[in-house]
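Down below is the structure, laid out as C-alpha cells.
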Amino acid sequence: MNPSDVCGEKIRIMTVIGQYYPYLGGAENVARHIVEQTNGDGFCNHVLTESSEAVQKLSKHRLTFQEKNGNHWIYRFSRFHLRGKEKNGPFFKYYTFAKYLLHLVRRRRQYDVIHAHTYYWPAFASVLAGKWLRKPVIVTGHNQIKRLVAESAAGKYPTRLVKALTSTTRYVAISTEIKQEASALLGIAPQKVSLIPNGIDTKRFRPANADERLQIRRRLGIHPDEFVVIYHGRLEQHKHPEKLVELVARLTKAGIRCRGLLVGTGSMQQQLAATLAGEQWIPATLLKFQANIEEYLRVCDAYYLPSEMEGFSLALLEAMASGLPCMANDIPGNRDLIVHGVNGFLLANSQVSEAMSVIQMIRAGQGMEELRRNARKSVVEQYSIANMVDTYKTLYRDVLKRPLLANPKVSTQS
C-alpha cells in the first residue's frame, strides 16, 4: 500500500527527527507519542529519520527504508558509509542534510505540514524545504538554544543555517527559558513561538503500594532496608552523574545503608564503571538502558538530577509522576517543574551536602507524603501526554488555518 493512500482528507504531517524508535531518548519518546496519537481522528502522521548503526543495533529485525509501524509509515535513510563503516563527522553531516532535503522534496505530495524535532540538520533541512515548497514548518526545540548558538560560533554548524530557523512557521519551546531564548538568541518573532511542555505517560509512571514495592525490590535484588537513590538518563559530563556516586559514598560513611542506581548510557559510562570497580565499598550499581525503568523508579526512595544543563527533563517528570522526592539542580529548566519544598527540592549547583540534608529529611519522614502527592499531582495535571498531543493537534490546524472539528482539552499557548 502506498503511504499517501491511507491519509485521504486528513491533515498530513511529516515528522522529521534524527533518530526514532527503537531509539528511546527524551526527544525521540516525545516525537513517538505525538506521531502515534495523531494518527486517526482527522490526522495522518509519518516519520522521516536516519537509520544509524546505533538504531539498527537496538532493533530486533533489519530496519528497511520504508516500514509500516502500527498505523504510520517510517522512512529511514542510511548515513554515509565508507569502506563499510558509518561516517558521521562534520563533513558527512552535509550528506545527511542533503538526504533530508531530497526526501522532503520527493515526498512533497504526501504531507501538508513538516514537524521537525530538535534543532540541527533535520530542522535546517525542514525549514529550507518548507520555504521552497511553501509548506508550513513547525520546529520543536528540545534543548537550550544557547547551546546551539555556542556550537554554531565554534564552527560545528553553519551560521546561515542556524539563522534560517527564524523563517519557521511556528517554533515550539518546551520550557519558559527556551521560549525566551527563541526570540533573544535566534530572533524569532514572539508571536511565532508557542510554549508546549513535553508530556509523559502518567499511567506507566506511578507510585507503588507497599506490597508491590516489596515484590519489585525482591525481583530486582534490592534489599527492603536499603535507601535507594536513582538517576536515569544520559551519562554525559554536563549531567554530572558522578555526583550520585559521591552522594552514596558520603551516605555510606555516615552509616546509612543505601544504594545508588545509575541507569543509562553515554560517554561517561566507562569512567563511572572504572570508578566503581576501583572503589568497591561504594554501593552504587551502573545499569544500561532499562525498558522497565518505571519499576526501578517505583522502588526507590529519592531521585537526584545533578545536571548543569536541562531544557525540560522528561526523566525528572517520570520520577515525580512515580511519587519520588526529587532533588534537582536549581536551573531554569527545572524551575518550570519544581516548586522548592512543595513538590521537590532545588539544590544550588547540585551540592552533595544539600542533597545529604534533604535525604535526612526524607528518612525522617518530614512532610514527605504530601510532597510525594504534590509531585505526582503537578505532573498529572500539567504534563500528561494527552494534554501535549491535544495542543499539537490545535497547532497543526492553526498553521494550516483549518477550523477545529472539536474543542481541544488544551489550547496552544503563545
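The HN-Hα couplings worked out from phi for segment 362-367 by the Karplus form 6.51 cos²θ - 1.76 cosθ + 1.60 (θ = phi - 60°) are 4, 5, 7, x, 6, x Hz, whole numbers, x standing for Gly and Pro.
For the set Lys131/Lys239; Lys99/Lys377; Lys85/Lys135; Lys99/Lys146; Lys146/Lys288, the pairs lying more than 32 angstrom apart at their alpha carbons are Lys131/Lys239; Lys99/Lys377; Lys85/Lys135. Here the chain exposes an accessible surface that is 49 percent carbon and sulfur, computed with a 1.4 Å probe and the other protein chains kept in place. Summarising the amide proton neighbourhood of Asn69: residues at separation of 5 or more, or on other chains, whose placed amide H is nearer than 5 Å comprise Ile74. Of Asn349, Gln19, Ala208, which is farthest on the positive side of the dipole of the chain, counting Cα position, with +1 on Lys and Arg Cβ, -1 on Asp and Glu Cβ, and the Cα centre as origin? Farthest towards the positive pole: Gln19. Dividing the summed helix terms, -39500 (n - 2.57) for each DSSP H run of n ≥ 4, by the number of residues in the chain produces a 222 nm estimate of -12500 deg cm²/dmol to the nearest 500.
Backbone amide hydrogens, once placed in the peptide plane, bring Ala284 within less than 5 Å of Gly260, excluding anything fewer than 5 places away on its chain. By definition, a body whose alpha carbon gyration tensor gives a ≥ b ≥ c is oblate when a/c is 1.5 or more and a/b is not larger than b/c, and segment 219-294 fits this oblate description. Ligands, DNA and RNA excluded, the heavy atoms of Leu337 present near 10 Å² of accessible surface to a 1.4 Å solvent probe. How tilted is helix 90-106 with respect to the longest principal axis of the chain? Cα atoms for both, answer in degrees (0 to 90, nearest 10). Tilt relative to the chain: about 50 degrees. Taking the alpha-carbon distance from Lys10 and a cut-off under 14 Å, which aspartates and glutamates remain once sequence neighbours fewer than 8 residues away in the same chain are dropped? Lys10 reaches Asp41, Asp112.
Per residue, how large is the accessible surface of the chain? Use a 1.4 angstrom probe and give square angstrom. Working shown, then result.
Numbers: 18380 Å² over 414 residues.
Accessible area per residue, the chain: 44 Å².
One decimal place: the segment Ala154-Arg134 gains 4.0 nm when fully extended, by the rule 0.36 nm per residue minus the C-alpha distance.
Considering only Gly260, Leu287, Ala302, and ranking their Cα positions along the charge dipole of segment 260-318 that arises from unit charges at the beta-carbon of Lys, Arg, Asp and Glu, the one farthest toward the positive end is Leu287. Between the Cα long axis of helix 269-278 and the first principal axis of the chain there is an angle of about 10°, rounded to the nearest 10.
The H on the amide N of Arg79, modeled in the peptide plane, is under 5 Å from the matching H of Ser51, each at least 5 residues off or on a different chain. The dipole here belongs to segment 60-165: it is taken about the Cα centre, uses +1 on the Cβ of Lys and Arg and -1 on the Cβ of Asp and Glu, and is about 260 debye. Taking the alpha-carbon distance from Lys243 and a cut-off under 16 Å, which lysines remain once sequence neighbours fewer than 8 residues away in the same chain are dropped? In chain and number order, the partners are Lys253.
Taking the longest Cα principal axis of the chain as reference, the axis of helix 368-382 is set at about 0 degrees. Only one item in [x] 66, 44, 41; [y] 73, 51, 50; [z] 65, 55, 43 matches Cα extents along the principal axes in Å derived from the coordinates shown, and that item is [z]. Quick one: check the C-alpha center-to-center distance for segment 119-191 versus segment 36-61, whole angstrom. Using only Cα atoms, the two centres lie 23 Å from each other.
The slack in the chain from Ala273 to Ala54, taken as 0.36 nm per residue of separation less the alpha-carbon distance, amounts to 76.7 nm.
In debye, nearest 20, what is the charge dipole magnitude of the chain about its Cα centre with +1 on Lys and Arg Cβ and -1 on Asp and Glu Cβ, if you could check?
1580 debye
Between Ala98 and Gln351, the FRET efficiency from the beta-carbon distance, with R0 = 51 Å, is close to 0.65. Full extension of the chain segment joining Thr64 with Gln280 gains 73.3 nm, where the gain is 0.36 nm per residue of separation less the Cα-Cα distance. Ligands, DNA and RNA excluded, the heavy atoms of Phe92 present near 50 Å² of accessible surface to a 1.4 Å solvent probe.
What size of dipole, in debye to the nearest 20, comes out for segment 201-342 about its Cα centre when the only charges are +1 on Lys and Arg C-beta atoms and -1 on Asp and Glu C-beta atoms?
Details: 17 positive and 17 negative charges, 70 e Å.
Dipole size: approximately 340 debye.
The values are calculated or read from the model by the stated rules, or taken from the named source; none is laboratory data. None of these values were measured; they are calculated from a predicted model. Quick reminder, even Gly has a Cβ in these numbers, built from the backbone with ideal geometry, and neighbours come from all protein chains shown. All accessible areas refer to the heavy atoms of the entire protein, side chains included, with ligands and DNA or RNA removed. Shrake-Rupley method; radii C 1.70, N 1.55, O 1.52, S 1.80 Å.
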